[in-house]
Amino acid sequence: MQWKVLLSVAVLSVAAYDCFADNENVKSDVAFRLKELVDNNNLTGSYFVALVDQNGLAFFNAYSKRSRQLSKDTPILIASHTKALTGTLLAVLHDAERIDLNRPISYYDPAFISNTKVDTDKITVKQLLTHTSGFTSIPFVFKTAFLGYADQVELISSLNEHMLVAPDHQFRYSNTGPIVASMLAESVMNKQWAELISLYIANPLGMTGTTADIAGVKNILPAITTAKDGSIFNYGHHKTNATMHPAGGLVSTANDLAIWLKTNINRDVSKLSNGDIFEKLHKTQVAQQKTYFTYARYGYTLGWDIAQYNSEILLTRFGNYGGYSIHVSFMPERKIGVIAFTNQDVAFTLPHVIANYTYNSVLEKDNRDELLERESKRLAGSIRSELMSAPDSDLIVQAGELPSDLLGTYRNNKGWPEHELYIAKGQVKIDWGSLQGILLKDEQGYNAHFGVFNRKISIIPGQNNTVMLKNGSLIYKKPGASVQESSGSGKAATQVKLTRRMSV
């Protein structure tokens, strides 16, 4: 009787899979559509789409007009998809009884959050992972994601001194919760988050190309910042090890992500835990109501959004940072998943368009071509809009166009990282902490383009050799100058103008 049951299950599984379209036909068709989307929009970046099923990587298509071609082992930044791996790490530690997701913050470190606006006796580790803790900090987010910081003391100080609180504890997506949860895990385990990811997730699964050590990755694919005329304005990954954080700081490959999706599709805990960690990881822990592109999100787990698209349920966790855009999703009932990627900022929606087309092709959806046409128009409109606000290479400030006495180091007295103005390759560059930027000037004044965002910059020469630099409403001065800083500096960074959607 037992063998008959097992045989029936196997037959049903094969039958369910055989109802999908032939992978080879889908692969060639998807490859054609990927090339068509890139060529029709005159794009210059690199792109790939991969289908994953219960057996692993079913196919991989890549396309680029550039000399360097993408492969399944090309290192890429996965940005906010990191949250899915961090959530899994905490679920593994919970299953191993090393950390309890239902315990409050104060149980693990009563002094970690000293700001009295936050009751750490009532906020659990799980709430940190599900974006319902009700607090964040702009300097904390900027330092962990973009600017860097000297040490943990500075980071915790930034969190406590400039905290924003929403006491209703509704779902509010941010980087803060997963980072704080990981800091608590670091304290309990006496190991850094990056080491824990390797020890409990990447190494057991054989994800050999997945790491937070971006400085040690020699051939990472750089992201492209597109100029207003469609040419390349700049390129780079805009990260250092200091800004590779638990909410957006992992490098991976298509091969590794296929292993990762296969593990999730099969709910295979054999290499990760003794218990069923996927019960929490794949089921709604908190409700949300938000539509992103074509995905109607209605739930959030410990690291995945649960959404509906074209009458199908899928778990998604995308990533977008400084030109990188990655789509990672899977359909639990269909046992298939898709990974799609670009490194070109203006085309950040293209991975979603080609991922949707892949799903609709595999599932032989009657409305596949209709949806492709509709979504392709949205992509083209998005690219046009992005190009309109893209940087203009003709506005780059050249050496000699900025008085030399305005070059040098500028410091802020409220804990924000230094600015450095200098000449390199015949242009005026401006660094802010870990970020390297390019200075531009139009009829409205100076702007600094840092790859991940723009900032309005004012440089104001004063009396007695005083030079002041304003970054938004943040005030900087050269050492020895005497200026007063306006109040409210803790919220100043909210005036940033994003070049692209940084987090999805």
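Among the trypsin sites (Lys or Arg not before Pro) in region 112-141, which ones are in a DSSP loop with at most 13 other Cβ atoms within 10 Å of the Cβ? Mind listing them?
Sparse-neighbourhood loop trypsin sites (Lys or Arg not before Pro): LYS117, LYS122.
Which order do the peptides 421-427, 98-104 take when ranked by the mean count of other beta-carbon atoms within 10 Å per residue, highest first?
98-104, 421-427
Which ordering of HIS131, HIS81 is given by a fewest-first count of other beta-carbon atoms within 10 Å?
HIS131, HIS81
By how many nm would the segment from LEU387 to GLU418 lengthen if fully extended, with 0.36 nm per residue of separation less the alpha-carbon distance? If you can, show how the numbers build up before the last one.
Details: separation 31, 0.36 × 31 = 11.16 nm, distance 3.02 nm.
The LEU387-GLU418 span can extend by a further 8.1 nm.
If I take R0 = 25 Å and measure r between the Cβ atoms of ASP366 and ASN42 in this structure, what FRET efficiency does the formula 1/(1 + (r/R0)^6) give, to the nearest 0.05? Walk me through the numbers on the way to the answer.
Values: r = 31 Å, r/R0 = 1.25.
For ASP366 and ASN42, the calculated efficiency is 0.20.
Quick one: angle between helix 2-18 and the longest Cα principal axis of the chain, in degrees between 0 and 90, rounded to 10, please.
60 degrees
Angle, helix 176-189 long axis vs. longest principal axis of the chain, Cα atoms, 0 to 90°, nearest 10?
Roughly 80 degrees between the two axes.
By counting other Cβ atoms within 10 Å of each Cβ, how are MET207, MET468 ranked from fewest to most?
In increasing order of surrounding Cβ atoms, one gets MET468, MET207.
Consider just the alpha-carbon atoms of region 126-212 and return their Rg together with their Dmax, both in angstrom.
Cα radius of gyration and Dmax of region 126-212 are 14.3, 42 Å respectively.
Below 8 Å, C-alpha to C-alpha, sequence gap of six or more: please give me the relative contact order for the chain in percent.
Numbers: 1026 pairs, mean separation 85.8, N = 504.
Rounded, it is 17 percent for the chain.
In which sequence would ILE457, ILE339 go, from the one with the fewest C-beta neighbours within 10 Å to the one with the most?
Going from sparsest to densest Cβ surroundings: ILE457, ILE339.
For the chain, the longest stretch holding no GluC sites (Glu not before Pro) located in a DSSP loop with at most 12 other Cβ atoms within 10 Å is which?
98-332
Every read-out reported here was derived from the displayed coordinates using simple, explicitly stated rules and does not represent laboratory data. Keep in mind that this is a model prediction, so the values were computed, not measured. FYI the Cβ positions are ideal-geometry reconstructions off the backbone, even for glycines, and counts take in every protein chain you see.
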